[in-house]
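Remarks on the structure that follows.
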Amino acid sequence: MPEMPENMEQEEVNVPNRRVLITGATGLLGRAVYKEFHQNNWHAVGCGFRRARPKFEHVNLLDANAVHHIIYDFQPHVIVHCAAERRPDVVENQPDAAAQLNVDASGNLAKEAAAIGAFLIYISSDYVFDGTNPPYREEDIPSPLNLYGKTKLEGEKAVLENNLGAAVLRIPILYGEVEKLEESSVTVMFDKVQFSNKSANMDHWQQRFPTHVKDVASVCRQLAEKRMLDPSIKGTFHWSGNEQMTKYEMACAIADAFNLPSSHLRPITDSPVLGAQRPKNSQLDCSKLETLGIGQRTPFRIGIKESLWPFLIDKRWRQTVFH
């Protein structure tokens, strides 16, 4: 029997030896995190709940037994915990369910990660701050205004109490390649922008820093890879886009990116009265990660064009710009 060529043998064993488990892998951020690790020579396994199959494992994070099994079976070196109830108004209306996912499940995951020596990255939020004194450094005292911010802060505490080597990564408002416009509170504005025959009120009070999920994903991978070489990488970190915009300004930038009119968009400068209370400006200071040489920022205009063009109603524009 002829000898097998060496390179064929080589291919058989070429499964990446670094393993990462991503929770919430079906969500906007989770999909980007999974893709980033997968494309950079990590063996990535994602788990989700409602939309998991066939690409990802179906795991209920509130089922401690199920969580234990996937972690013990897969033995990840890194766990990125993206799963959360992240809609402030839903949290206010379903506080118990939100606390179970955002706090209890996070604490349990931290415990399981510690038991096998895996590095856990817990995704948190700029909403742990009240927005009265930006920019916020990692060591500034959190003071959340709404229940969502409170549950994320409680989740941070649960993670760090159960796992001394874990990392908390606080991030702001996200956008990216959505499956439907409602998946991000940035992309959801596209319909209002496109239907220019109808005037639309847009918030021009809250200062935001829209951040592309692929940038956050890159930061997670860079953090994980640095940690593999340096065990002192742990604790709290901030990452954020650096373009300050209200939702009105984002909507105008979206209109401009697609050569659409914006005169029907109306800036509302009063603080919103409906729904959960929001911080006016919870800008995150990212210098701690930047000093470590970690980061990636996609300019908003480029990132938003990439994310939204499949949802463009006027197909003629697509042909002129992309062909």
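The values are calculated or read from the model by the stated rules, or taken from the named source; none is laboratory data. Owing to the predicted nature of the structure, the values given are computational and were not obtained by experimental measurement. Here the Cβ positions follow ideal geometry from the backbone for every residue, glycine too, while neighbour counts run over all protein chains shown. To get the accessible areas, we keep the full protein, side chains included, count just its heavy atoms, and leave off ligands, DNA and RNA. Shrake-Rupley method; radii C 1.70, N 1.55, O 1.52, S 1.80 Å.
Relative to the Cα centre, the charge distribution of the chain, modelled as +1 at Lys and Arg Cβ and -1 at Asp and Glu Cβ, gives a dipole magnitude of about 880 debye. The residues of the chain have, on average, 50 Å² of accessible surface per residue, using a 1.4 Å probe with all protein chains present. Using R0 = 22 Å, the C-beta based FRET efficiency linking Asn197 and Ile268 works out to 0.65.
For the chain, with equal point scatterers placed on the C-alpha atoms only and solvent neglected, what are the log10 I(q)/I(0) values from the Debye formula at q = 0.06, 0.08, 0.09, 0.11 1/Å, to two decimals? Each listed q corresponds, in turn, to -0.22, -0.39, -0.49, -0.72. Please compute the net charge surrounding Pro88, taking Lys and Arg as +1 and Asp and Glu as -1 over other residues with Cβ under 11 Å from its Cβ. Charge balance in the 11 Å sphere: +2. Count the net charge of all other residues whose Cβ sits under 10 Å from the Cβ of Ala99, scoring Lys and Arg as +1 and Asp and Glu as -1. Summing Lys and Arg as +1 and Asp and Glu as -1 gives -3.
Distant-in-sequence amide contacts of Gly46, defined by a placed amide H-H separation under 5 Å and a gap of 5 or more residues or a different chain, comprise Ile22, Glu57.
Among the trypsin sites (Lys or Arg not before Pro) found in region 27-135, those both in a DSSP coil and sparsely packed, with 11 or fewer other Cβ atoms within 10 Å of their Cβ, are Arg50.
Hey, which of these cross-link pairs are over 24 Å Cα-Cα: Lys35/Lys226; Lys35/Lys247; Lys55/Lys157? Pairs exceeding 24 Å: Lys35/Lys247; Lys55/Lys157. Glu249 sits with roughly 70 Å² accessible to a 1.4 Å probe, with DNA, RNA and ligands left out of the calculation.
Amide H contacts under 5 Å for Leu265: Ala200, restricted to partners 5 or more places along the chain or on a different chain, H placed in the peptide plane at 1.01 Å from N.
Between beta-carbons, use under 14 Å as the cut-off and find the net charge around Gly165, counting Lys and Arg +1, Asp and Glu -1. Summing Lys and Arg as +1 and Asp and Glu as -1 gives +1. Compute the Cα gyration tensor for region 168-323, then decide on rounded, prolate or oblate, letting a ≥ b ≥ c be the square roots of its eigenvalues: rounded whenever a/c is under 1.5, prolate when a/b is larger than b/c in the other cases, and oblate in all that remain. It comes out oblate by the Cα gyration axes. The equivalent ellipsoid of region 127-173 has semi-axes of 19, 12, 9 Å, largest first, where each one is the square root of 5 times an eigenvalue of the Cα gyration tensor. For Arg18, the amide hydrogen comes within under 5 Å of the amide hydrogens of His43, counting only partners 5 or more places away or on other chains and with H modelled in the peptide plane. Restricting to DSSP H runs of at least four residues, report the calculated mean residue ellipticity at 222 nm for the chain, -39500 (n - 2.57) per run over all residues, nearest 500 deg cm²/dmol. Computed mean residue ellipticity for the chain: -11000 deg cm²/dmol.
Here is the list for region 146-226: trypsin sites (Lys or Arg not before Pro) lying in DSSP coil, each with at most 11 other C-beta atoms within 10 angstrom of its C-beta, are Lys180, Lys198.
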